[in-house]
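Below you'll find the structure, written out as structure tokens, and then a few comments.
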Amino acid sequence: LKAILLSPDLNVVASAEVKFDSDLPEFRTTGGASAGPNKFEFFVQPVMWVKAMDIVLDRLVMQEADLSTVAAISGSAQQHGSLYWSKHGISALHSLDPDKFLHAQIDDSAFVVNRTPIWMDASTHKQCFEMETAIGGQTEMVQMTGSKCYARFTGPQIRKIYQQRTHAYEDAQRISLVSSFLASLFLGDVAAIDYADGSGMNLLDIRNKTWSKACLNACAPDLDERLGAPVDGFAVLGNVCDYFVQRFCFPPTCKVVACTGDNPSALAGMLVANNWLSVSLGTSDTLMMSLEEPPKLEEGHVLCHPTETHKYMGLLCFRNGSLVREAINKLEANGSWETFNELLDSTPRGNFGNMALHFREMEIIPKAKGTLRWNKEMQPSSPDAAKGVLKFSSPQIEIRALIEGQMLHHRAIAEDMGFHFGSETKILATGGASVNQSILQIIADVFNAPVYKQVTKL
């Protein structure tokens, strides 16, 4: 959990952070999460997040940050996590005592589920199938919610809790996402879910920006009253509650703005306009874009735009990113990025007609695994094209075939998503591999657009 105090001109005045694994060892997390007893299950104890809030605000105060100057507060949180408020929890939220720690009041009794599923949990394939079947199939789910039913999404997670812990679901007065939970703490009341984060649930009609009755009915009974009405990502929910005024000297006029998910936050923070495509080069490669209309694409994610009410956000994730680049680096350049780049730069654009796709892990779009290499003699209609060639003649050709193949693949899927490439297109590169100038040059060549790197002040 990180807290950042910004000046009106967006300079960082103070910042503090809490590392869940080391600062809160009693929760025994790895990477901020715990593995469940069954395969693909991952959870968090919500009290850990509450305790982290106590610590991070204390650390800001210890830095002598003047919280009495704060005009507004909002936040970004991991998507697809859910929390289940008990009647006692909502009562405690309404009557917080500034003389006590937050975690002493919002404790385990505040929730009917104390081990809550998060984005890493992929144990709900059964629930995904049930929800899609109930509303008429995968295509209907995509058209309605912007994504097919994903095991990590919140709707299937809620359905699993309803099925396996029926009494807990029935006792849940309200259900929050992690982002709206964060806003709830500052508001002293259960905060509304914003459109952008809400569209990562397989429950929100992204065109009408209301909960889809068909999806709610396919998920769990009486769900709309537990979720509450969704709101714009920039909606002012109210003033900060008295607890933070008394304990941390926030001004009583400080506004609480709806919080949103980490992916919409990234799009908003990078100020990605219509002609910009964000390419994050990490363990997975992720593309983000602003869209005028939702595409008819059954893969990838379309979310409500975090700041532009009538626009949409396209999100594409490719599993075979930096890990594949690192593996080929070890194989062809002995693990030296300097050598890797020299080999890459020694071959011309187009690589003499040689190209490769390396899907070492099962790729998301398309669902495929394996490696295919092609040379310029191969015709798409030829039976040999399905087999490809076994190996290229040199490390230089192998390396350029990898990088050009990755970027051509990314461009093709982005076009399917609905992004229009033209003379005004600009690329914003982020993530670990964005430091590599040679890779950035290939992105510029393949996308036929200038590539920029974001300079961060943090």
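Can you sort Trp119, Trp49 by solvent-accessible area, 1.4 Å probe, largest first? Intermediate values should be presented prior to the final figure.
On the way: Trp119 120, Trp49 25 Å².
If we order Trp119, Trp49 from most to least accessible, we get Trp119, Trp49.
Give the dimensionless ratio obtained when the Cα radius of gyration of the chain is divided by 2.2 N^0.38 Å.
Details: Rg = 23.7 Å, N = 458, 2.2 N^0.38 = 22.6 Å.
Normalised Cα radius of gyration, the chain: 1.05.
Calculate how many DSSP beta bridges within the range 322-453 are antiparallel, expressed in % of all such bridges and rounded to the nearest 5. Provide the component values of the computation, followed by the final result.
Working: 5 of 8 bridges.
Of the beta bridges lying entirely in the range 322-453, close to 60 percent run antiparallel.
If you take every residue apart from Val231 with its C-beta less than 13 Å away from the C-beta of Val231, what net charge results, scoring Lys and Arg +1 and Asp and Glu -1? Summing Lys/Arg as +1 and Asp/Glu as -1 gives -2.
Mean residue ellipticity at 222 nm, helices only, the chain: -10000 deg cm²/dmol; runs of at least 4 DSSP H residues each add -39,500 (n - 2.57), and the sum is divided by the number of residues. Using a cut-off of 20 Å between Cα atoms, the listed pairs Lys160/Lys311; Lys51/Lys100; Lys369/Lys391; Lys39/Lys369; Lys39/Lys213 include Lys160/Lys311; Lys39/Lys369; Lys39/Lys213 as exceeding that distance.
So if R0 is 25 Å, what FRET efficiency would Leu6 and Lys311 give, r being the distance between their Cβ atoms, rounded to the nearest 0.05? Before the final figure, lay out each step's value.
Values: r = 25 Å, r/R0 = 1.00.
Efficiency, from the Cβ-Cβ distance: 0.50.
Check every DSSP H run in the chain and write down those whose alpha carbon atoms cover 18 angstrom or more along the long axis and whose mean Kyte-Doolittle hydropathy is -1.0 or greater. Within the chain the helices that satisfy the rule are 46-62, 395-417. Could you tell me the calculated FRET efficiency between Glu140 and Ser109, based on Cβ-Cβ distance and R0 = 45 angstrom, to the nearest 0.05? Calculated transfer efficiency: 0.70. Straight-line cross-link reach from Lys148 at under 15 Å between alpha-carbon atoms covers these aspartates and glutamates, not counting any fewer than eight positions away in the same chain: Glu130, Glu132, Glu140, Asp205, Glu298, Glu299.
Just the number please: accessible area per residue for the chain, 1.4 Å probe, all protein chains included, in Å².
Working: 20850 Å² over 458 residues.
Per residue, the chain has an accessible area of 46 Å².
Prolate is the label for the range 2-265. Its Cα gyration tensor axes, ordered a ≥ b ≥ c, give a/c of at least 1.5 and a/b above b/c. Restricting to the chain, compute how many DSSP beta bridges are antiparallel as a %, nearest 5. In the chain, DSSP labels about 75 percent of beta bridges as antiparallel. Computed over the range 62-156, relative contact order equals 27 percent, with contacts defined as Cα pairs under 8 Å that lie 6+ residues apart. Within the range 366-458, the GluC sites (Glu not before Pro) that combine a DSSP coil assignment with at most 15 other C-beta atoms in a 10 angstrom radius are Glu377, Glu424. Taking every Cα-Cα distance in the range 17-110 and sorting them into 10 Å bins starting at zero, the pair-distance distribution P(r) comes out as 13, 38, 37, 10, 1 percent. When you restrict to C-alpha pairs under 8 Å that are six or more residues apart and normalise by the size of the chain, the relative contact order lands at 12 percent.
For the range 165-294, the spherically averaged projection of the C-alpha convex hull amounts to 10.8 nm². Label separation (Lys369 vs Ser15): 3.8 nm, computed from points 7 Å beyond Cα along the C-beta direction. Here is the short version for the chain: Cys215, Cys219, Cys241, Cys249, Cys254, Cys259, Cys304, Cys317 have no other Cys C-beta closer than 4.7 Å. Expressed per residue, the C-alpha convex hull volume of the range 294-381 stands at 171 Å³.
List the relative contact order of the range 231-304 as a percent without decimals, with contacts defined as Cα pairs under 8 Å and 6+ residues apart.
Once normalised by length, the contact order is 21 percent.
In this structure, Leu408 and Gln437 have a Cβ-Cβ separation that, at R0 = 22 Å, corresponds to a calculated FRET efficiency of about 0.65. Model label points for Ser381 and Lys296, set 7 angstrom from Cα along the Cα-to-Cβ axis, are 2.7 nm apart. Compared with the alpha-carbon gap, the fully stretched path from Lys426 to Met62 is longer by 126.8 nm at 0.36 nm per residue. By the rule of a C-alpha distance below 16 Å, with chain neighbours fewer than 8 residues away ignored, the aspartates and glutamates paired with Lys126 are Glu41.
Starting from the range 298-327, pick out the trypsin sites (Lys or Arg not before Pro) whose DSSP state is loop and whose Cβ has at most 16 other Cβ atoms within 10 Å. Each step should come with its number before you reach the end.
Values: sites: Lys311, Arg319, Arg325; in loops: Lys311, Arg319.
Qualifying residues, ordered by number: Lys311.
Counting Lys and Arg as +1 and Asp and Glu as -1 over every other residue whose Cβ lies under 11 Å from the Cβ of Glu308, the net charge comes to -1.
The alpha carbons of the range 322-453 stretch over 39, 35, 28 Å along the principal axes, in descending order. From the Cα gyration tensor of the range 376-453, with a ≥ b ≥ c the square roots of its eigenvalues, which class applies: rounded if a/c is under 1.5, or else prolate if a/b is larger than b/c, or else oblate? Oblate shape, in that a/c is at least 1.5 and b/c is the bigger or equal ratio.
Within the same chain, aspartates and glutamates fewer than 8 places from Lys387 are excluded, and of the rest, those with a Cα less than 15 Å from its Cα are Glu377. Descending by average beta-carbon neighbour count within 10 Å, the peptides 3-10, 32-39 line up as 32-39, 3-10, the highest first. Neighbours of Gly350, meaning other residues whose beta-carbon lies under 10 angstrom from its beta-carbon, give a summed charge of +1 when Lys and Arg score +1 and Asp and Glu score -1.
The values are calculated or read from the model by the stated rules, or taken from the named source; none is laboratory data. Worth saying up front: this structure is predicted, and the values here are computed from it rather than measured. Glycine also receives a Cβ, built like all others from the backbone with ideal geometry; neighbour counts cover every protein chain displayed. Protein only, heavy atoms only, side chains kept; ligands, DNA and RNA dropped before computing areas. Shrake-Rupley method; radii C 1.70, N 1.55, O 1.52, S 1.80 Å.
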